[in-house]
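Structure first, commentary second.
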Amino acid sequence: MRWAVYLAIAAKALSAHKLRSLLTVLSITLGAFAIVLMTSLAEGGLLTLSRGIEELGGARLILVAPKEPERAERKKTMYVTGFTRKDRDRLARGIPHVVEHSMYAMLGSRDVTTDEGKEDRSDLIAADSGFLGAFRMRVGRGRAFSDDEDRRRARVCVAGPKLAARLWRGDPIGRWVTVGSLRCRVIGVLAESDRLGVNFGFSWDDLVVTPIDTAADVEPTVTTSALLVIKTDDARNNDPVKRILNALLVERHHGVDDFTLLDFSSIMQKFDAMFATMKAIVGLIAGIALLIGGVGVMNMMLVSVSERVREIGIRKALGAAPRDISAQFLCEAALLSGFGGLLGVLGGAAVAELASAVIRRFTPGWVGAVSVSAVIAALVVSSGVGVVFGWLPARRAGRLDPVAAMRR
């Protein structure tokens, strides 16, 4: 009941100086607004990247890549270096917890020439028939090549949507194109992808994908540069799968460590930790605005105490205890900062949603978010700022001598 009286008196005192109270509230509002908006946008970026990676398998991915050996290098003559179709089948099939696998080689940017003589450049990917499915790349027109076409080295390929739009005005299906030293017939065009910030070394929309055995006939580096992608049924099973893969590779390569295993579960953990740190830094920077607002609250409350010295003296003469006077001024400070924090949180959440809608128009894959942790933190910190920065003026008001105060 007593605190309700304090709040009523505080509201009446603040309404007596509307402009000054409004400016003080605005300083807190801007701080809370910045915390919610900046943290929400940072969280939206994190969710967008995470969604793109999770679509590919996320923490369940294991990448087997070639590297320069550090031991037993002379034994490389005892086997075919790099990865072949037999290697893929031996490593991926029969291993428990493996649900998907694919082999591909990134051959870099190559000159592209159409059957009409139009020229361009694009990334060339040599891959098996499971590549598009493993990387969740949808075919918008036409079809993907089959495993049978790969085995019999069919001269076919699938083009990215951006490349197809640049090279052909009409339907590109059935047209012939020369990519580097490979001539192939376009049998499919990929649908547009919206994986913002997710990069596996090639463009998702500007590329040509051709069967790996077909490309190996004209590109001798396919075998030595090929990578294997293994997808497990659960990230917790990555370790046993890696141990089996490592044992099979060591046996096949006669002890030569010319390969490396990249576990995306550990990469994702580091990724999440990095972005959590970035969100904290963003929130901390934005929180400085709240501290500045707190200084404004203290300044206003000190001015208010100096203006109401006579009022304080009269209240003390009528029996008000020092703690009652202090509590009243502390309520005023908390009311200012709490109301400012609430306005800032609402404004920040609204603008974050609006910004996400605008970004989504240009980047359809953007995942909008309002950071709940930022909302809670902004409300708690803004209220705390009022209490902390209002304590000194409240204490000064409570310690005023009633006789001396009434004389002023």
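The values are calculated or read from the model by the stated rules, or taken from the named source; none is laboratory data. From a predicted model like this one, the values you see are computed outputs, not experimental measurements. In this analysis, Cβ positions are derived from the backbone assuming ideal geometry, glycine residues included, and neighbour counts consider all displayed protein chains.
Residues that are without any contact (Cβ under 8 Å) to a residue 60 or more places away in the chain and on the phi > 0 side of the Ramachandran plot occur in region 167-184; there is at least one. Going by the conditions given, is His97 in contact (Cβ under 8 Å) with a residue 40 or more places away in the chain and at positive phi? Yes, satisfied. Considering (1) modelled with pLDDT of 70 or more; (2) more than 30 Å from Arg195 (Cα to Cα); (3) not hydrophobic (A, V, I, L, M, F, W, C), the lone condition that Glu353 does not fulfil carries the number (2). In region 212-258, the residue that is surrounded by the fewest Cβ atoms within 10 Å (Cβ to Cβ) out of those that are touching a Pro at 6+ places or on another chain (Cβ under 6 Å) and not β-branched (Val, Ile, Thr) is Asp257. Candidates Thr84, Thr39, Thr77, Thr48: the one that is more than 27 Å from Val385 (Cβ to Cβ), of a type in the set (Ser, Thr, Tyr) and at pLDDT 75 or above is Thr48. Checking each residue in region 235-266 for being free of Cβ contacts under 8 Å to residues at least 24 places away in the same chain and more than 21 Å from Gly94 (Cβ to Cβ) picks out only Ser266.
Within region 135-169, can you find the residues that are among the hydrophobic types (A, V, I, L, M, F, W, C) and over 31 Å from the mean Cα position of the chain (by Cα)? Break it down stepwise before answering.
Taking region 135-169 as the starting set, the residues that turn out to be among the hydrophobic types (A, V, I, L, M, F, W, C) are 135, 137, 139, 144-145, 154, 156-159, 163-165, 167-168.
Matches in region 135-169: Phe145, Ala154, Val156, Cys157, Leu167, Trp168.
Comparison of Trp391, Trp366 shows that the only residue that is modelled with pLDDT of 75 or more and closer than 30 Å to Ile35 by Cβ is Trp366. Within region 339-348, the set of residues being surrounded by fewer than 20 Cβ atoms within 10 Å (Cβ to Cβ) and either among the small types (Gly, Ala, Ser) or outside any helix (DSSP H, G or I) (or both) comprises just one member, Gly347. Taken over region 154-171, the criterion of being modelled with pLDDT of 90 or more and assigned to a loop (DSSP other than H, G, I, E, B) is satisfied by Ala154, Arg155, Gly160.
Just to be sure, is Phe145 buried (at least 21 other Cβ atoms within 10 Å of the Cβ), assigned by TED's automatic domain parsing to the domain that holds Arg243 and either modelled with pLDDT of 85 or more or small (Gly, Ala, Ser) (or both)? Yes, satisfied.
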